[in-house]
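Q: Below is one structure. I have some questions about it.
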Amino acid sequence: MDQDTSSSAISLLSTFALIGLAEMGDKSQLVCLTLAARYRALPVLAGAVLAFALLNLGAVLFGSALAKWLPPQWVTLAVGILFLAFGLHAIRSGNVDEEPLETETRSGRSLLLSTLLLIGLAEFGDKTQIAVAGLASTSDPTAVWLGATLALAMTSAIGVWAGRTLLQHIPIPLMHRISGILFLAMGGFSLASLLM
């Protein structure tokens, strides 16, 4: 193995480990868990992976310049409002008896695009995207992109699996109320961070 290949492999593995650990338990996993508990798992996972692949590509290509173009306060405000709206909707949905999961009529394409948009907005300018931009400035950008995308695909798959597993043991209305409360808390935290 030559020096460049070895350096790229180290960049890929170190990025995978760093980003994977940083994203465990983060909001994107909660988004995947919540959506997978209500909708089909494959479009949710595909939307999440596509969102992360695009976000990582942006981070690698533009690095830290993205943060200079769009004020972080605007992104934080949008995420906070989005999470509050999602929380209120989830709590309201938890008060209604729902049909079983298999009768959900949402199309796979619509769900994929919704997941892509939600995770794209929630993760834009997040710590992992900034970390990817920083890593790409000092390491092989392709290896950094691949390592970060694989790590985020793994954490998304864990979130989807948890959502599907929890659905087997917790009634859907209760799951909606719990996820609604978590979304409200995260939205409140996002908006409160603007005041700090």
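Nothing in this text is a laboratory measurement; each read-out follows from the coordinates by a stated rule. Treat the numbers as computed from the prediction; the structure is a model and nothing was measured. Don't worry about glycine lacking a Cβ; one is built from the backbone with ideal geometry, like all the others, and counts go over all protein chains shown.
Q: Is the shape of segment 1-53 rounded, prolate or oblate, going by the alpha carbon gyration tensor and its root eigenvalues a ≥ b ≥ c, with a/c under 1.5 for rounded and a/b larger than b/c for prolate?
A: Because a/c hits 1.5 or more and a/b exceeds b/c, segment 1-53 counts as prolate.
Q: Give the residues of segment 135-166 whose amide nitrogen is closer than 16 Å to a point set 7 Å from the Cα of Q3 in the direction of its Cβ.
A: Of the residues in segment 135-166, 139-140 have backbone N under 16 Å from the label point off Q3.
Q: How far apart, in nanometres, would the label points at S110 and M24 be if each is projected 7 angstrom from Cα along the Cα-to-Cβ direction?
A: So the two model labels end up 3.7 nm from each other.
Q: Can you bin segment 114-161 into rounded, prolate or oblate? Criterion: square roots of the alpha carbon gyration tensor eigenvalues sorted a ≥ b ≥ c, rounded for a/c under 1.5, prolate for a/b above b/c, oblate for the rest.
A: Oblate.
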